[in-house]
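Student: One structure, as structure tokens, below. Some questions next.
The values are calculated or read from the model by the stated rules, or taken from the named source; none is laboratory data. Owing to the predicted nature of the structure, the values given are computational and were not obtained by experimental measurement. We place every Cβ from the backbone using ideal geometry, glycine too, and count neighbours over all the protein chains shown.
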Amino acid sequence: MFTSVRFDWHGFGRCTWLFLGAAAIAVSVPLPAQQAAGIDQKALLDQTRRAYYQPIDRGVQGFACTVSFDWNDVLERASGRKIPAHEPTLVALKNASVTVNDDLLKGVTVNVAYSNGMTATAQVASREKILKNVVTASLEGWNPFLSDRIFPMEGTKYHFERMSTGYRLTLEGGTFFSILDLDPTFQVTHGENHLNGTTTAFTPTFDPSTHGWLITSLKTVTTQSSVGSVAENKAGSASAGATSEGDKASFTYSYQFVGEMLVPKKITVQYADGLETPYVLTDCSLVKTANGTAEIKAAKP
């Protein structure tokens, strides 16, 4: 469910930006012990899905926007010095046209075009790579909560159990397993993903909307361990959050209406305890689903 991209940016150190993705491909199957728990697993999964803001259910598969960074601030914090207005790197980046296309089913594409057909220098190209990573990571973290991919999909075994705080949803899909804790209103309050010796703990927050829960922030902690079996990793997991130090990232989202749909307006990215890096999305348009229907495949117990 998660992959990561690491890069260095002067004093920002090594960054890990987490991408939440689809769990697997085939038919979702409830785990065997479900009937004894007295829970209608399929009905509860359907109810959980319906609790979230799902643009795809309303014929929207994504959006395209212009991306704006405060490059003076970004470069000064990265370099630790005042950047003259005429510095070539700053001039090139401020005059560049940056756009993003976020397809909830296919992923994020960031494009950068420089004015007057100029070719980016090595220094400008390195900043461009950082820009693309920041935008891509923040939206790839956003997408699963808006496209149903945070919940069991094809090829994923799943099981709900009642907890004093609501429900716990366990997912298994071959080489990975995940745990989601939900409150009584079906908000995900905490989750863990275990894949190939990497554990990613994540904590989202939501606001209510007229069409379901809408994510407003996401904090992640990724830790590495020796690669063990899925069973060994499950035995060591308590879904209580990462207790050891790891790569941390956080994303916050504010919104704007594009037509009748809500899409991000300002996104703020922070690595570890470093300074926040915000960017703004403007001039947005919606990407409609083909024939008004989505291609995503839901769980079929």
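Student: Quick one: which residue in LEU93, LEU139 is crowded, with 21+ Cβ neighbours inside 10 Å, at negative phi, among the hydrophobic types (A, V, I, L, M, F, W, C) and more than 25 Å from the chain's Cα centre (by Cα)?
Tutor: Just a single option satisfies the conditions, and that option is LEU93.
Student: Answer yes or no as to whether VAL108 is of a type in the set (A, V, I, L, M) and either out of contact with any helix residue (DSSP H, G or I) (no Cβ under 9 Å at 6 or more places or on another chain) or not in a helix (DSSP H, G or I) (or both).
Tutor: Spelling it out, VAL108 is indeed of a type in the set (A, V, I, L, M) and either out of contact with any helix residue (DSSP H, G or I) (no Cβ under 9 Å at 6 or more places or on another chain) or not in a helix (DSSP H, G or I) (or both).
Student: If you go through segment 107-117 one residue at a time, do you hit one that is closer than 29 Å to ASP46 by Cβ and either of a type in the set (Val, Ile, Thr) or within 19 Å of the chain's Cα centre (by Cα) (or both)?
Tutor: The first filter runs over segment 107-117 and keeps only residues closer than 29 Å to ASP46 by Cβ, leaving 107-108.
Right, trim to either of a type in the set (Val, Ile, Thr) or within 19 Å of the chain's Cα centre (by Cα) (or both) and you get 107-108.
The answer is yes; a qualifying residue exists.
Student: Among the numbered criteria (1) closer than 24 Å to LYS219 by Cβ; (2) in a helix (DSSP H, G or I), which single criterion is violated by THR89?
Tutor: (1)
Student: Just one of the numbered conditions (1) at pLDDT 90 or above; (2) in a helix (DSSP H, G or I); (3) surrounded by fewer than 19 Cβ atoms within 10 Å (Cβ to Cβ) is not true of ALA231; which one?
Tutor: The number of the failed condition is (1).
Student: Can you tell which of GLY191, GLY174 is in a loop (DSSP other than H, G, I, E, B) and not aliphatic (A, V, I, L, M)? Can you show your working first?
Tutor: Values: GLY191 fails: in a loop (DSSP other than H, G, I, E, B).
GLY174 is the lone residue from the list that is in a loop (DSSP other than H, G, I, E, B) and not aliphatic (A, V, I, L, M).
Student: Follow-up question, since we're still on this one. Kindly indicate whether any position in segment 202-217 is at pLDDT 95 or above, over 30 Å from ARG58 (Cβ atoms) and touching a strand residue (DSSP E or B) at 6+ places or on another chain (Cβ under 8 Å).
Tutor: Checked against the condition, which is being at pLDDT 95 or above, over 30 Å from ARG58 (Cβ atoms) and touching a strand residue (DSSP E or B) at 6+ places or on another chain (Cβ under 8 Å), segment 202-217 yields no hits at all.
Student: Tell me whether segment 97-111 contains one or more residues that are at pLDDT 90 or above and either under 19 Å from SER79 (Cβ atoms) or aromatic (Phe, Trp, Tyr) (or both).
Tutor: No, every residue in segment 97-111 fails to be at pLDDT 90 or above and either under 19 Å from SER79 (Cβ atoms) or aromatic (Phe, Trp, Tyr) (or both).
Student: Then there is this: Just the residues that are within 25 Å of the chain's Cα centre (by Cα) and acidic (Asp, Glu), please, taken from segment 37-59.
Tutor: Passing the criteria: ASP46, ASP57.
Student: Report the residue count in segment 179-188 for those that are buried (at least 18 other Cβ atoms within 10 Å of the Cβ) and either assigned to a loop (DSSP other than H, G, I, E, B) or touching a His at 6+ places or on another chain (Cβ under 7 Å) (or both).
Tutor: 3
Student: Kindly indicate the residue of segment 110-125 that is without any contact (Cβ under 8 Å) to a residue 24 or more places away in the chain and exposed (fewer than 15 other Cβ atoms within 10 Å of the Cβ) and also nearest to GLN54 (Cα to Cα) among those meeting that condition.
Tutor: Out of the qualifying residues, it is ASN111.
Student: With the requirement that a residue be of a type in the set (Ser, Thr, Tyr) and either over 23 Å from ASP283 (Cβ atoms) or buried (at least 18 other Cβ atoms within 10 Å of the Cβ) (or both), what does segment 46-79 give you?
Tutor: Of everything in segment 46-79, those that are of a type in the set (Ser, Thr, Tyr) and either over 23 Å from ASP283 (Cβ atoms) or buried (at least 18 other Cβ atoms within 10 Å of the Cβ) (or both) turn out to be THR48, TYR52, TYR53, SER79.
Student: Looking at segment 139-161, can you tell me whether even one residue there is assigned to a helix (DSSP H, G or I) and among the small types (Gly, Ala, Ser)?
Tutor: yes
Student: Condition (residue is closer than 20 Å to GLY59 by Cα and assigned to a strand (DSSP E or B)) applied to segment 113-126: is it met by at least one residue?
Tutor: The answer is no, given that none of the residues of segment 113-126 is closer than 20 Å to GLY59 by Cα and assigned to a strand (DSSP E or B).
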